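The numbers here are math on the coordinates, done by the rules we state, and not lab data. For clarity, every value in this text was computed on a predicted model and none was experimentally measured. A quick note on method: Cβ atoms are made from the backbone with ideal geometry, for glycine too, and the neighbour counts reach across all protein chains shown.
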Amino acid sequence: MRAPRPFRVMLDFDTGSLTPYTDSFERRLSDMAVAYEDQDAVAGLLSAGQDPVIYTGYDADVPHAADHLPFRTTIINPGVIGSEFFMTKGHHHRRDTAEIYVGMSGSGLMIMQTRDGHARSAELVPSAAVYVPPGWAHRTVNVADTPLVFLAAYPGDAGHDYESVERLGFSRRVHRRDGGYELRPAAAPDREFRAGP
Ligand code: S6P
Ligand code: ZN
């Protein structure tokens, strides 16, 4: 591996672009269909050939290795599936490591929970910094009708565990309600909505 040198990137707080970036990512509804509560709405959209981009992001050129601090922007588009707002898949870090989020534009909500059932939420707005302690799974939800843009930085050896979140779900869901949002207890773990036995 080349010896890392100090560098800087430029952030566009409105669009979330990070220049220069090394990798980018895109998640469509079909990449995370099981995450949404209203599986009839998911099936209706996908069978009609609609597969909206839920979120995108850009990675700075930082090694995913111990002692480093990778950082990336995420842009969650506005929208709902049924009445549930567009959101990230969410994950645990494989190694229980902390993370810091900084709101850049738009308005969102972070849903966080531990493996033993504690849950918290925090509003993510421009200039807010949200600390995710070790051991807390985290999902970010766009609760406005404009893109939600934020920066996140995490230890390079954190690793990402999406499977346990996909299997067990989050205990809180965020739905559109009266021009705002409502935080509801999840009806059942996401796995109940999977097709098949
Ligand atoms: C990484 C950090 C974020 C998310 C990004 C997309 O540890 O939590 O940068 O990767 O917001 O969410 P997800 O759940 O698809 O990784
Ligand atoms: Zn994370």
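Using only helices, what value at 222 nm comes out for the chain when you add -39,500 (n - 2.57) per DSSP H run of length 4 or more and divide by the total residues, to the nearest 500 deg cm²/dmol?
It comes out at -2000 deg cm²/dmol, rounded to the nearest 500.
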Fewest first, what order do MET112, MET87, MET10 take by the number of other Cβ atoms within 10 Å?
MET10, MET112, MET87
Relative contact order for the chain using alpha-carbon pairs under 8 Å, separation at least 6, rounded to a whole percent?
23
GNM on the chain, C-alpha springs below 10 Å: top fluctuator among ILE100, ILE76, ILE111?
ILE100
Using a Gaussian network for the chain with springs between C-alpha atoms less than 10 Å apart, which of these wobbles most: PHE71, PHE13, PHE25?
PHE25
Specify the residue with the greatest mean-square fluctuation among THR15, THR88, THR74, computed from a Gaussian network of the chain linking alpha-carbon atoms under 10 Å apart.
THR15
Cα gyration tensor of the range 29-91 - equivalent ellipsoid semi-axes, whole Å, descending:
30, 11, 10
Residue separation times 0.36 nm, minus the C-alpha to C-alpha distance between SER83 and ASP61: what's the value?
4.2 nm
Counting residues in the range 11-185 as N, plug N into 2.2 N^0.38 Å and put the Cα Rg over that result.
0.98
Run the dipole for the chain about the Cα centre, Lys and Arg Cβ at +1, Asp and Glu Cβ at -1, nothing else charged, and hand back the magnitude in debye, nearest 20.
300
What is the spin-label model distance, in nm, from ALA48 to ARG94 if the labels are put 7 Å beyond Cα along the C-beta direction?
3.9
